[in-house]
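Just below is one structure, and these are the notes that go with it.
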Amino acid sequence: MDVALKIDVDTHQGLGEGMPRLQEMLQACGVTASVYIAMGPDNSGRAILRLFRNPGFLAKMRRTRALSMYGLRTALSGTLLPARPIAAAFPEVIRGLLSAGFEVGIHGYDHVRWQDRLDRLGAEGICTEIAKACEVYRTITGLAPTSFAAPGWRTNDAAGLALEELHLAYRSDTRGRSPYRCVIGGRILATPEIPTTLPTLDEVMGTPELAAAGSVARFYLDRIRSDALNVHTIHAETEGMGQLDNFRILVEALRDHGACFVQLREVAARLRVDDLPAMPIVRATLPGRAGWISAQSGA
Ligand SMILES: [Zn+2]
């Protein structure tokens, strides 16, 4: 039972407060993870403004307690208050993750711009976002990036082709069942895609399914596959903050059930890329998540 924990860090507060708590808790459990950090400015206030225009906004805010989860400073970042840098504000947190054996990859540059405007950025705008993220990553770590996880699980052909030029070990941009190779315009990309396989906690919070399971740990244990790779995405802003206790109970339960915690770079290193199925990425919607996401076709 292989479980890869994929930690997305979307905000200044997530990296400064949530990530150190997650790191400490995971290390106490003898576990490491793969961490993907938005390298540019924290414009989450704009994302929250965008949610206001969404019909399901109030219900989602209540269900996920987004304001208490994110805090007012983050909710206003990039709108009434200036956008704070994310990675550049906490280089010591990033270097601390690396020296503790965690994997650190790129979660875009401006998370909100990528998630809200990906198709409108055009190939040039997308290349600029990727190049700026790589530059920050190199400056902080002294390393070349080897992985990319798309903000909001949103990708398109231009992004796939731009990332292919970086010769990454893998991408983790989509939702799906198992690793595959992306097909764009008849071309099979060499960079394997390792999708997130489980629903995220913010998608299932407040649902009848979670209530029926009785606990977060039980909900996920019921959905973990023993015969395949499980990739579980968590957020520094959620599992690293208000949901830390629930997440610790889940990690302990997985460990007690014999889970083998792996990093995505280890998964990628074991893949026989030529044998992976080749398929296009499609757009889909998920219960509990606003708007579209990119998914493995047939997932
Ligand atoms: Zn994200």
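Count of the stretch 131-178 residues, restricted to those that are farther than 22 Å from Gln296 by Cβ and either among the aliphatic types (A, V, I, L, M) or in contact with a Gly (Cβ under 8 Å, 6 or more places away or on another chain) (or both), is 8. Residues in the stretch 95-123 that are in a helix (DSSP H, G or I) and within 16 Å of the ligand (Cβ to nearest atom): His111, Val112, Arg113, Trp114, Gln115, Asp116, Arg117, Leu118. Condition first: among the β-branched types (Val, Ile, Thr), free of Cβ contacts under 8 Å to residues at least 60 places away in the same chain and within 16 Å of Met1 (Cα to Cα). Can you find one or more residues in the stretch 233-251 that meet it? The answer is no; no qualifying residue exists. Among the residues making up the stretch 229-258, a single one is small (Gly, Ala, Ser), modelled with pLDDT of 95 or more and away from the ligand (no atom under 16 Å from the Cβ): Ala253.
For Asp8, the conditions (1) surrounded by fewer than 24 Cβ atoms within 10 Å (Cβ to Cβ); (2) within 13 Å of the ligand (Cβ to nearest atom) are fulfilled apart from (1).
Exactly one residue out of Ala83, Ala133 is more than 19 Å from the chain's Cα centre (by Cα), of a type in the set (Gly, Ala, Ser) and within 16 Å of the ligand (Cβ to nearest atom): that is Ala83. For the stretch 1-23, a residue qualifies if it is part of a strand (DSSP E or B), over 23 Å from Gly40 (Cβ atoms) and hydrophobic (A, V, I, L, M, F, W, C), and the qualifying residues are Val3, Ala4, Leu5.
If you go through the stretch 87-115 and pick out every residue that is over 16 Å from the mean Cα position of the chain (by Cα) and within 21 Å of Ser77 (Cα to Cα), you end up with 5. Among the residues examined, Leu121 does not qualify as among the hydrophobic types (A, V, I, L, M, F, W, C) and over 26 Å from Ser77 (Cβ atoms).
Looking across the stretch 24-38, the residues that are assigned to a loop (DSSP other than H, G, I, E, B) and within 16 Å of the ligand (Cβ to nearest atom) come down to Ala33, Ala38.
Is it the case, given these coordinates, that Ile126 is open to solvent by less than 10 Å² (accessible area, probe 1.4 Å), aliphatic (A, V, I, L, M), in a helix (DSSP H, G or I) and more than 16 Å from the ligand (Cβ to nearest atom)? Yes, satisfied. Within the stretch 161-176, work out how many residues are more than 16 Å from the ligand (Cβ to nearest atom), in contact with a Pro (Cβ under 7 Å, 6 or more places away or on another chain) and among the charged types (D, E, K, R). Looking only at that region, the number is 0. Based on this model, can you work out whether Ala268 counts as within 16 Å of the ligand (Cβ to nearest atom), closer than 26 Å to Gly160 by Cα, of a type in the set (Gly, Ala, Ser) and surrounded by 15 or more Cβ atoms within 10 Å (Cβ to Cβ)? No; evaluated as a whole, the condition is false for this residue. Please verify whether Asp173 is in a loop (DSSP other than H, G, I, E, B), of a type in the set (Asp, Glu) and at pLDDT below 95, treating the condition exactly as stated. Criteria not met by Asp173.
Taking Ala158 as the residue in question, decide whether it is over 29 Å from Gln23 (Cβ atoms), more than 16 Å from the ligand (Cβ to nearest atom) and open to solvent by less than 20 Å² (accessible area, probe 1.4 Å). When the stated conditions are applied, Ala158 does not pass them.
Evaluate the following for Leu229: is it of a type in the set (A, V, I, L, M, F, W, C), touching a helix residue (DSSP H, G or I) at 6+ places or on another chain (Cβ under 8 Å) and more than 14 Å from Leu22 (Cβ to Cβ)? It is true that Leu229 is of a type in the set (A, V, I, L, M, F, W, C), touching a helix residue (DSSP H, G or I) at 6+ places or on another chain (Cβ under 8 Å) and more than 14 Å from Leu22 (Cβ to Cβ).
Residues in the stretch 186-213 that are of a type outside the set (S, T, N, Q), in contact (Cβ under 8 Å) with a residue 60 or more places away in the chain, open to solvent by less than 10 Å² (accessible area, probe 1.4 Å) and assigned to a strand (DSSP E or B): Pro192, Glu193. I'd like to know if the stretch 77-99 contains one or more residues that are of a type in the set (S, T, N, Q), at pLDDT 70 or above and under 25 Å from Gln263 (Cα atoms). Yes: one or more hits.
The values are calculated or read from the model by the stated rules, or taken from the named source; none is laboratory data. For clarity, every value in this text was computed on a predicted model and none was experimentally measured. So basically every Cβ, Gly included, is an ideal-geometry build from the backbone, and we count neighbours across all protein chains shown. Just the protein is used for accessible areas: all its heavy atoms, side chains included, with ligands, DNA and RNA removed. Shrake-Rupley method; radii C 1.70, N 1.55, O 1.52, S 1.80 Å.
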